[in-house]
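**Student:** Please see the structure below; I have some questions.
The values are calculated or read from the model by the stated rules, or taken from the named source; none is laboratory data. The model shown is predicted, which means the values in this text are computed figures rather than measured ones. Virtual Cβ from ideal backbone geometry, glycine too; neighbours counted across all protein chains shown. Quick note on the areas: whole protein, heavy atoms, side chains included, nothing else; ligands and nucleic acids left out. Shrake-Rupley method; radii C 1.70, N 1.55, O 1.52, S 1.80 Å.
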Amino acid sequence: PIVARIQQMLAGLQQVEVSGSAWSLTSALLSIQEQMPDVAIIDIHLVQDAPKANGITLLATLRQMFPHITAIMLTNLSDDIYRSTCMKMGAKYFLDKSKEFEKIPDILMQIVHEHEEKEHEWPLPDKI
């Protein structure tokens, strides 16, 4: 249901495309490697991997393998320890499903605008 809710929420955003979903660390990494998205929305609870791995494990692997991908953590585990751990590990956003779920479209549009601004920046020469 959470994936369907996200897909429905993002269906109206022209510059955003849902490129895949996964319920395990392995399938998530394969999907990310194949699709190479700009953003990954990661739930801390990975259904097929619990309790041996979770979304924090995926975040750590994502940071190592694909550091350019923006990570958004989405969870019901909103304790400060989870938030601080994920942010220290490189998540750009940490959202509580029960309180902040509706922020996803605005955050994605902010990321789209940041990417557009970067595309329009001129690279500085090494020497002048």
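**Student:** Can you name the residue in the range 6-46 that is of a type outside the set (A, V, I, L, M, F, W, C), under 15 Å from residue 108 (Cα atoms) and not in a loop (DSSP other than H, G, I, E, B) and, of all such residues, is most open to solvent (accessible area, probe 1.4 Å)?
**Tutor:** Per the criteria, the residue is 8.
**Student:** One residue is enough: does the range 76-84 have a residue meeting the conditions open to solvent by 30 Å² or more (accessible area, probe 1.4 Å), out of contact with any strand residue (DSSP E or B) (no Cβ under 6 Å at 6 or more places or on another chain), outside any helix (DSSP H, G or I) and among the aliphatic types (A, V, I, L, M)?
**Tutor:** yes
**Student:** Scan the range 88-107 for residues that are assigned to a helix (DSSP H, G or I) and surrounded by 14 or more Cβ atoms within 10 Å (Cβ to Cβ) and jot them down.
**Tutor:** 97, 100, 101, 103, 104, 105, 107 - these are the residues of the range 88-107 that are assigned to a helix (DSSP H, G or I) and surrounded by 14 or more Cβ atoms within 10 Å (Cβ to Cβ).
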